[in-house]
Amino acid sequence: MAKLNVNAGRVLVLTNDKDFFGEFDKINFNAGNATFSKKAYDELIKQGMNVNTGKLDIIEIIGDPIDVGDTILDGSVDNSGKYLVGGRIQVTDVNALKGVTGIYAHTVLVPEELRFDFKVEGNVYYYPKDAVIWQGRIKLSEKYVAKLDEGVFLWTLDEVDALDSKAVAALNAKGITIRCGHLLIYESIEKQYGNSFKADNSEIIPNGFEYINDDLTLNANNAIIYSDKIYVNGDLIINEDMNEAFSAFNEIIVTGEAYVPYNIIKQWKEIGTACEVIPYKGLLWMVNGKETITSGQLKAANNDGLKYTLVCNGVLDFGGDVTSADLNCIVAISYNGVVRVPDQAIPIFKSKVIEGNGVLKPFKPEEEEGSADGGWSWTDDEDDEQNINTGYFVRI
């Protein structure tokens, strides 16, 4: 009996693709959330489908489903009789949806005067007729504001960086208002010019802080380029060599995780704030995504007398020749995901784990966990069983 296993974060099946699914007598879906058209679901259940998911949606579809991706519908294309599937769909002409039978999308932007005569699966946002629609993050500068017409109403679901006081003053002087999904603004600017903005949520930065919109690694060489107060919108890694340089900072705010060496943790507690603080020993070895650590790498670290705290978010393989002795250079381990270790090294590996969320299992060279680029991949456990491992499985 031919069997298909689909392991995915998200599943969307709107059509029973018989050329694909018809090869299997048994189909298993394991997903965070799954959406099926009623017709495809009923047909696949009869074919031996099993769905294991945290959230299952079964929707009625009328017409022919068509993938339009991220698109702007201006009425130039006739979509009569079509069920539109996309990511972000913006409608600029009320006649663009004439004859459309339905929409399935993450985001649908439509003029406020438009009324649907069909069902929409997704987040619908109505924008005023006189609004100028903008997609993508906006960083306000004097040069940017100078290009805008006076009195314009700028409308976006994305983030607006309003940290430049001169740019915001110019914006206000031209009578420009902005509606946005997320507003980033200093406390003093918000107090003076807050009426120029309408935001779904606002992130108000305390005055006097240098804003860093990215992950940051602080070391003894680069610490001098930052002000004494920093606001890190991301994760912060503080290197072990910051013992003396750290005293130059008076306050640090981190929206994500802060990786702090034990020799600095006392100083951190006096001036630092983070979503989560992760103390570590030695050097920090970060794995994000998919990586393989070999015996050769570990032996070289041991020969050089290096010590590491290993932090894994993703899939980590230790090569089949890694031994318990090779792991001497690792003093602590934290993982969130899948870690595969040779049988002979599992006991010593477990003894070093300070936090483990996910799966720890023996390493088998023939196993695959999906493609590194986030696409899907096949693995054959047996001649009659096939696996697909992916973030998003779609059949439209």
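Each value in this text was obtained by applying a stated rule to the coordinates, not by laboratory testing. Remember, predicted model here, so these are calculated numbers, not experimental data. All Cβ positions, glycine included, derive from the backbone under ideal geometry; neighbour counts span all protein chains shown.
Determine the sum of side-chain charges near Leu14: Lys and Arg each +1, Asp and Glu each -1, restricted to other residues whose C-beta is under 9 angstrom from that of Leu14.
Values: positive: Lys39, Arg395; negative: none.
Its environment carries a net charge of +2.
In the chain, if the dipole is taken from +1 on Lys/Arg beta carbons and -1 on Asp/Glu beta carbons about the Cα centre, which of Phe209, Leu306, Gly102 is farthest to the positive end?
The Cα lying farthest towards the positive end belongs to Phe209.
Please rank Cys275, Cys312, fewest neighbouring Cβ atoms within 10 Å first, as an exposure proxy.
On the way: Cys275 10, Cys312 22.
The most exposed by this proxy come first: Cys275, Cys312.
Counting Lys and Arg as +1 and Asp and Glu as -1, what is the net charge of the other residues whose Cβ lies under 10 Å from the Cβ of Pro65? Walk me through the numbers on the way to the answer.
Numbers: positive: Lys82, Arg395; negative: Asp64, Asp67.
Around Pro65, the surrounding residues sum to 0.
Expressed as a rounded percentage, what relative contact order does the stretch 210-280 have, with Cα pairs under 8 Å and six or more residues apart? Intermediate results must be reported in sequence, preceding the final value.
Numbers: 149 pairs, mean separation 20.2, N = 71.
Rounded, it is 28 percent for the stretch 210-280.
Quick one: Glu270, Glu355, Glu203, Glu159, fewest Cβ neighbours within 10 Å first, how do they rank? Don't skip to the answer; put the middle values down first.
Numbers: Glu270 8, Glu355 11, Glu203 15, Glu159 19.
By the 10 Å Cβ count, ascending, the order reads Glu270, Glu355, Glu203, Glu159.
Which of Ile264, Ala274, Asn219 sits closest to the plus end of the dipole of the stretch 171-306, meaning its Cα is farthest towards the positive end, when Lys and Arg get +1 and Asp and Glu get -1 on the C-beta?
Checking the options against the dipole of the stretch 171-306, the answer is Ala274.
Given Cα pairs under 8 Å that are at least 6 residues apart, what percent is the relative contact order of the stretch 284-362? Write down the numbers at each step before the final one.
On the way: 161 pairs, mean separation 23.0, N = 79.
Contact order relative to length: 29 percent.
Report the residue, chosen from Ser324, Ser76, Ser196, that carries the largest GNM mean-square fluctuation when the chain is represented by alpha-carbon nodes joined by springs under 10 Å.
Of the options given, Ser76 has the highest mean-square fluctuation.
Can you give the charge dipole size of the chain about its Cα centre, rounded to the nearest 20 debye, using +1 on the beta carbon of Lys and Arg and -1 on the beta carbon of Asp and Glu? Intermediate values should be presented prior to the final figure.
Values: 36 positive and 60 negative charges, 166 e Å.
In debye, rounded to 20, the chain gives about 800.
Using only the alpha carbons, work out the radius of gyration and Dmax of the stretch 64-129 in angstrom.
Cα-based Rg and Dmax for the stretch 64-129 come out at 10.4, 31 Å.
Quick check on packing: order 126-136, 27-37, 222-232 by the mean number of other C-beta atoms within 10 Å, highest mean leading.
Working: 126-136: 13.3, 27-37: 19.5, 222-232: 15.4.
The peptides rank, most packed first, as 27-37, 222-232, 126-136.
Please state the shape class of the stretch 100-252: rounded when a/c is under 1.5, otherwise prolate if a/b exceeds b/c and oblate if not, all from the C-alpha gyration tensor. Display every interim value, and only then the final one.
Numbers: a/c = 3.43, a/b = 1.78, b/c = 1.93.
Note, shape of the stretch 100-252 comes out oblate.
Kindly flag which residue pairs out of Lys82/Lys139; Lys139/Lys266; Lys266/Lys352; Lys269/Lys352; Lys143/Lys198; Lys119/Lys147 have an alpha-carbon separation exceeding 28 Å in this structure. Walk me through the numbers before you get to the answer.
Working: Lys82/Lys139 38 Å; Lys139/Lys266 37 Å; Lys266/Lys352 23 Å; Lys269/Lys352 25 Å; Lys143/Lys198 22 Å; Lys119/Lys147 39 Å.
Flagged as over cut-off: Lys82/Lys139; Lys139/Lys266; Lys119/Lys147.
Taking the Cβ of each residue in Arg137, Arg115 as the centre, tally the other Cβ atoms inside 10 Å and list the residues starting with the fewest.
Sorted ascending by nearby Cβ count, the order is Arg115, Arg137.
Along the stretch 94-109, what does the Karplus equation 6.51 cos²θ - 1.76 cosθ + 1.60 (θ = phi - 60°) give for ³J(HN,Hα), rounded to whole Hz, x for Gly and Pro?
Karplus-based 3J(HN,Hα) across the stretch 94-109 equals 4, 8, 5, 9, 4, x, 5, 9, x, 9, 10, 7, 5, 9, 10, 9 Hz.
How much mean residue ellipticity at 222 nm does the chain get from its helices, if each DSSP H run of length 4 or more adds -39500 (n - 2.57) and you divide by all residues, to the nearest 500 deg cm²/dmol?
-3500 deg cm²/dmol
Using the Cβ atoms and a cut-off under 11 Å, what net charge is assigned to the surroundings of Leu84, where Lys and Arg are +1 and Asp and Glu are -1? Numbers along the way, then the final one.
Details: positive: Lys82; negative: Asp64, Asp67, Glu121.
Local charge sum for Leu84: -2.
Taking the DSSP beta bridges in the chain as the whole, what percent of them are antiparallel, to the nearest 5? Display every interim value, and only then the final one.
On the way: 5 of 127 bridges.
Expressed as a percentage, antiparallel bridges in the chain total about 5.
Of the GluC sites (Glu not before Pro) in the stretch 61-153, which ones lie in a loop per DSSP and count no more than 15 other C-beta atoms within 10 Å?
Qualifying residues, ordered by number: Glu112, Glu113, Glu150.
Let me understand the stretch 210-280 better: what is its radius of gyration from the alpha carbons, and its Dmax, in angstrom?
In Å, with Rg to one decimal and Dmax whole: 10.4, 27.
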